[in-house]
Amino acid sequence: MVQPLVKVEHVAIEFRSGRFLSRRRVRVLDDINVEIYEGETFGLVGESGSGKTTLGKTIVGLYRPAEGRVLYRGKDIWSMSKEEFREFRKQVQMIHQDPYASLNPVHTIFRILSKPLLKYKLATPDDVEEKVAQLLKRVGLTPPEDFMYKYPHQLSGGQRQRVSIARAIAVRPKMLVADEPVSMVDVSLRVGILKLLARLREELGMSLLYITHDLATLRYIAKGGRIAVMYLGKIVEIASVEELIEKPLHPYTQLLLAALPEPDPKVTRSKKLPKLRSIDIPSIANPPPGCRFNTRCPYYKAGLCDREPPPMIEVEKGHWVACWLYAKR
Ligand SMILES: Nc1ncnc2c1ncn2[C@@H]1O[C@H](COP(=O)(O)OP(=O)(O)OP(=O)(O)O)[C@@H](O)[C@H]1O
Ligand SMILES: [Mg+2]
């Protein structure tokens, strides 16, 4: 048995919301289970507010679970020694949605990239300039002299995101968590960044966790990898990209796929959209009982779907789904 690089085990994340007397805990992730293997591309898809960023931040150790564990190479990250946790934080890097907010505006690109190299002794004061230049070349910012002494605001959104990627790979991580990395980037430049991420994953032998609300992008970047679909703080389906697209099992996944545009407009028009019970999305702070999709699901069965949450079951090898259509009670 190969050990997963990262294993998320029955994880729940809670935030405090409201003020003073009305203060309460809101559970935004509930019983999350995922395994990510070395070198694989793993996509996480779901609509806005479903908890994707929260899960990404939990995996890199920015949020501490209220329940469950996050294991890195078999070790619970929250019971690691200070040294081990520091090493873990280095090995699992995150790229955020907004490259402008994540790059210090008063530092030059050289300063931004030299900092991690020097901190982790991957460069010396003598060769740091050359190492920064190599990093810039690696992410396609050439010639490096044109970028090194600029400030983030002097670069385009796409160039800034390339700097964030350079900073993340500077420490030679084993895994990259990319959270909507192209959503703030001009449409014409998105494919370039996606290709760069895919190439770096391959060259550096990293795992890539790619987070997006856009299944079309995911289909592109996660080719050959696996996808997990999230709905209101729960994972509802996990499968290989090919399986998920050919044979989506969960009604929510079917809905996401039906909404994808096809190159041929005739195909798009002839696609059968399942009829939703309701178009309203319930609040994550107050999810419906039972299966969280039950208020919208076209296959809703009263007394079944609104009672207990469906268990995650493996319908075919590697294809998991949490839906009462496939589970026995
Ligand atoms: N630090 C926080 N404190 C309180 N609530 C939070 C916090 N972070 C996220 N939330 C809430 O948790 C829920 C999930 O948020 P999250 O950002 O993980 O969703 P998402 O799937 O990444 O959405 P998007 O596609 O819009 O980025 C939302 O209801 C959000 O308001
Ligand atoms: Mg998000």
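Values quoted throughout were computed directly from the atomic coordinates according to the rules given, and no laboratory measurement underlies them. Note that this is a predicted model, so its numbers are computed, not measured. All Cβ positions, glycine included, derive from the backbone under ideal geometry; neighbour counts span all protein chains shown.
Kindly indicate whether any position in the stretch 52-75 is of a type in the set (Val, Ile, Thr), over 18 Å from the mean Cα position of the chain (by Cα), closer than 26 Å to VAL2 by Cβ and more than 16 Å from ligand 2 (Cβ to nearest atom). No, because not a single residue in the stretch 52-75 is of a type in the set (Val, Ile, Thr), over 18 Å from the mean Cα position of the chain (by Cα), closer than 26 Å to VAL2 by Cβ and more than 16 Å from ligand 2 (Cβ to nearest atom). Can you tell me how many residues within the stretch 52-64 are over 13 Å from VAL92 (Cβ atoms) and touching a Lys or Arg at 6+ places or on another chain (Cβ under 8 Å)? Number satisfying all stated conditions: 1.
Here the condition is being under 29 Å from THR54 (Cβ atoms), free of Cβ contacts under 8 Å to residues at least 60 places away in the same chain and assigned to a helix (DSSP H, G or I); of ALA166, ALA198, it holds for ALA166 alone. Filtered by the rule that a residue be buried (at least 21 other Cβ atoms within 10 Å of the Cβ), over 10 Å from ILE112 (Cβ atoms) and among the aliphatic types (A, V, I, L, M), the stretch 142-167 gives a lone residue, ILE165.
Say whether the condition of being farther than 30 Å from ILE281 by Cα, in a helix (DSSP H, G or I) and within 16 Å of ligand 2 (Cβ to nearest atom) is met by at least one residue in the stretch 101-109.
Looking for residues that are farther than 30 Å from ILE281 by Cα, in a helix (DSSP H, G or I) and within 16 Å of ligand 2 (Cβ to nearest atom), one finds at least one in the stretch 101-109, hence yes.
Is it true that LEU21 is more than 16 Å from ligand 2 (Cβ to nearest atom) and within 18 Å of GLN93 (Cβ to Cβ)? Answer is no for this residue.
GLN134 fulfils the conditions (1) polar (S, T, N, Q); (2) free of Cβ contacts under 8 Å to residues at least 24 places away in the same chain; (3) more than 26 Å from ARG89 (Cβ to Cβ) except for a single criterion, (3). Within the stretch 25-53, the only residue that satisfies the criterion of being under 14 Å from VAL8 (Cα atoms) and within 7 Å of ligand 1 (Cβ to nearest atom) is LYS52.
So, of the residues in the stretch 24-51 that are of a type in the set (A, V, I, L, M, F, W, C), more than 13 Å from ligand 2 (Cβ to nearest atom) and within 17 Å of the chain's Cα centre (by Cα), which turns out to be farthest from GLU243 (Cα to Cα)? Top of the filtered list is ILE32.
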